[in-house]
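Q: Below you will find the structure I want to go over with you.
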Amino acid sequence: MNPKIKNDTTEVEHMSYNAEFRRSIDQRDDFWRDQAQNIDWIEPPKTIWQAKDNGHGEWFPDGVLNTSDVALDANIRAGRGDQTALIYDSPVTDTRQKFTYNELRDEVASFAGALRDRGIEKGDRVIIYMPMIPQAAIAMLACARLGAIHSVVFGGFAAHELAVRIEDAKPKALLTASCGIEITKVIEYKPLVDKAIEQSSHKPEFCVVYQRPQAKADMQDGRDFDWNTVSAAASPADPVPVKANDPLYVLYTSGTTGKPKGVVRDNGGHAVALKYSMELVYDAKPGDVFWAASDVGWVVGHSYIIYAPLFTGCTTILYEGKPVRTPDAGAFWRAVEEHKVNMLFTAPTAFRAVRKEDPEADHLAKYDVSSLKRIFLAGERLDPPTYEWLKEHTGLPVLDHWWQTETGWAICCNPVGIEMMATKPGSATVPSPGFNVQVVDMGGRQVPAGEQGQIAVKLPLPPGCLMTVWGDDERFLNSYLRPIEGFYSSGDGGFIDDDGYVFVMGRTDDVINVAGHRLSTGEMEEVVASHPAIAECCVVGAHDDMKGQIPVGLVLIKDGATIDQDELEEELVEMVREKIGAIACFRRAIVVERLPKTRSGKILRRVIRQIADGEQYNVPSTIDDPAILEEISEKFGR
Ligand SMILES: CCC(=O)SCCNC(=O)CCNC(=O)[C@H](O)C(C)(C)COP(=O)(O)OP(=O)(O)OC[C@H]1O[C@@H](n2cnc3c(N)ncnc32)[C@H](O)[C@@H]1OP(=O)(O)O
């Protein structure tokens, strides 16, 4: 690896990035011991890394800390008690609310007391199914304060998805709100919670419901408690000491099958890595206003709305709105001006929506966004037109970075905290220190620069990455460590160029990315296949200018089934919406006579995807009957 900066006239070696990166790999323990000194431990770790016999291992295994203490109390001890910790900005309810570090700590301690009074203790799981309101942050931090393991479920998921997660995580409690607000639509959460609990064989002992004025939730006597009542009656809870490798949270992410994978994150490695990432990736300092415009239901929300900005003593923003239509395409710029945001982080799809509605960036000109230093993008591929548009209109550095729910922080970034490197459109720049990224073939052999392969990280992974899959170590090994021996297999493909820049080209499995949401086509196929008229089906991700990808279903109707094709499509769309949620954006099901398969019966999804996108394709030599490809092309109107 030898990254170099290139600009119009010079070519400069990046010695300090190189030095930092090399030290993180060659003197791993010393490197992370130094980083560990930047957080408040109850008992600092003596051991930095302890290998397990599966190639994975544990960070700081004998360290003791409390994550809510690092996020809140440590800032108060450092004299930041009166600084704003969290700003709630809700254009959909026309509300702004600010919490200082003192106020947020008090709210968290009281709510933790209420949970403790109902029996929640270290190691218990608590599901949080909430919209973007301060209580979501308070709930997460309250769990962390007690050493309980939170599992946040994105509010856009349907009851069935919530039920699957309840079944797997077996929570003692479920925390929710009466409703969420999608622009002008009020989405009642409580009926979804009731339905999910009914569907799951595991029943949480109790629920706590935050009642919002837009909808009043019906409460079940003895099981459901009102948030404000229990919080007001509780005495504040102190942070409970936990071991660094005790789990902080489980966050479910889509895999190739219908069952999501519960990514388990530790307490110690997470705090150390996220604190480091705020310097390295975002160059954020205490007092900076940091805005990750995402949702607490995703890893971006966990890492960069809640934990990392608070670990660093920043002011974080919790935004209950959209980039457009709340009320217009100036929504982000309005919030930047109002809160003097210094760093803005969102998914490219958000700016594609802004650009579509405001191509000349007229809204931007109405606001003073001079506080903004940099814009960060992640969650899906940053398409060059969006990158160019943002750069041209804002004049700011626009920095792509690549990471995953599994890693919790950037695998590749432009390390602005060390030195700003030249950007290359389409590249997430270089590996973050700690991530020994290589592009390899399935045998783990490195491929030459510029050649595409599997993007893998040589073990061990740095702190902050997943410990395992909740309750399923075998699945963890099969999904991540066994596919390429000695490496973490990312599931993404791409290449590294001669300058050491990493280009991520997309998934190598059946996971798709719809508006920055990682979704499983396998899961959608399970739903579609459960329709009584369907004999066989296949769902692929087709290119979409706005959302990056959208799912498209190809379906075969059972012999003898009589159903109108439009009616069938409507029913399938409704089924996916009902089972997975509106965010799946499944809107198209095409009836076909047969599916293209290999002679051994494997559906040729890659070719279907290429046909859907209007790309050139090669007829695979293993295809059973090449004529099927013509039929499929006709269906797509190609
Ligand atoms: C680096 C590691 C990672 O990748 S972490 C993941 C990072 N990803 C993100 O942060 C997600 C970025 N995307 C977004 O924020 C949104 O998609 C943006 C760009 C704001 C667009 O939002 P929207 O216009 O609602 O489109 P959408 O495709 O998200 O939604 C489709 C339908 O789902 C609904 N929906 C969405 N969120 C919720 C929610 N919390 N509760 C209930 N419903 C929700 C939307 O209303 C929409 O419904 P409908 O189809 O219009 O009826």
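The values are calculated or read from the model by the stated rules, or taken from the named source; none is laboratory data. From a predicted model like this one, the values you see are computed outputs, not experimental measurements. Backbone-built Cβ (ideal geometry, glycine too); neighbour counts: all protein chains shown. To get the accessible areas, we keep the full protein, side chains included, count just its heavy atoms, and leave off ligands, DNA and RNA. Shrake-Rupley method; radii C 1.70, N 1.55, O 1.52, S 1.80 Å.
Q: Within the range 238-246, identify whether any single residue is within 16 Å of the ligand (Cβ to nearest atom) and either surrounded by 21 or more Cβ atoms within 10 Å (Cβ to Cβ) or under 21 Å from Trp409 (Cα atoms) (or both), and answer yes or no.
A: Going residue by residue through the range 238-246, those that are within 16 Å of the ligand (Cβ to nearest atom) are none.
No, because not a single residue in the range 238-246 is within 16 Å of the ligand (Cβ to nearest atom) and either surrounded by 21 or more Cβ atoms within 10 Å (Cβ to Cβ) or under 21 Å from Trp409 (Cα atoms) (or both).
Q: Kindly evaluate Arg381 against the criterion of being touching a strand residue (DSSP E or B) at 6+ places or on another chain (Cβ under 9 Å) and in a helix (DSSP H, G or I).
A: Working: touching a strand residue (DSSP E or B) at 6+ places or on another chain (Cβ under 9 Å): yes; in a helix (DSSP H, G or I): no.
The answer is no for Arg381.
Q: Taking the range 36-56 as the region of interest, how many residues are outside any loop (DSSP other than H, G, I, E, B), small (Gly, Ala, Ser) and open to solvent by 10 Å² or more (accessible area, probe 1.4 Å)?
A: Within the range 36-56, the subset outside any loop (DSSP other than H, G, I, E, B) is 36, 43, 49-51.
Those left that are additionally small (Gly, Ala, Ser): 36, 51.
Narrowing further to those that are open to solvent by 10 Å² or more (accessible area, probe 1.4 Å): 51.
So the count comes out to 1.
Q: Do we find that Val469 is modelled with pLDDT of 95 or more and away from the ligand (no atom under 16 Å from the Cβ) in this structure? Even if it seems obvious, please write down each step before you answer.
A: Working: modelled with pLDDT of 95 or more: yes; away from the ligand (no atom under 16 Å from the Cβ): yes.
Yes, satisfied.
Q: In the range 407-426, which residues are surrounded by fewer than 23 Cβ atoms within 10 Å (Cβ to Cβ) and either in contact (Cβ under 8 Å) with a residue 40 or more places away in the chain or within 16 Å of the ligand (Cβ to nearest atom) (or both)? Talk me through it step by step, then tell me what you get.
A: Step one: of the range 407-426, the residues surrounded by fewer than 23 Cβ atoms within 10 Å (Cβ to Cβ) are 416-420, 422-426.
Hits for the range 407-426 are Val416, Gly417, Ile418, Glu419, Ala422, Lys424, Pro425, Gly426.
Q: Quick one: in the range 506-520, of everything that is within 16 Å of the ligand (Cβ to nearest atom) and more than 19 Å from Val469 (Cα to Cα), which residue is most open to solvent (accessible area, probe 1.4 Å)?
A: Among them, the one singled out is Arg507.
Q: A further question on this structure: For the range 63-179, which helices (runs of 4 or more DSSP H) that fit wholly inside it have 3 or more residues that are open to solvent by 10 Å² or more (accessible area, probe 1.4 Å)? Explain how you work it out, then say what you get.
A: Working: elements: 74-77, 101-117, 134-146, 159-169.
Output list reads 74-77, 101-117, 159-169.
Q: Could you run through the range 282-307 and say how many residues are more than 9 Å from the ligand (Cβ to nearest atom), of a type in the set (Gly, Ala, Ser) and crowded, with 23+ Cβ neighbours inside 10 Å?
A: 1
Q: It is to be established whether one or more residues within the range 351-373 are near the ligand (Cβ under 9 Å from one of its atoms), farther than 22 Å from Lys285 by Cβ, in contact (Cβ under 8 Å) with a residue 60 or more places away in the chain and not in a strand (DSSP E or B).
A: The answer is yes, given that some residue of the range 351-373 is near the ligand (Cβ under 9 Å from one of its atoms), farther than 22 Å from Lys285 by Cβ, in contact (Cβ under 8 Å) with a residue 60 or more places away in the chain and not in a strand (DSSP E or B).
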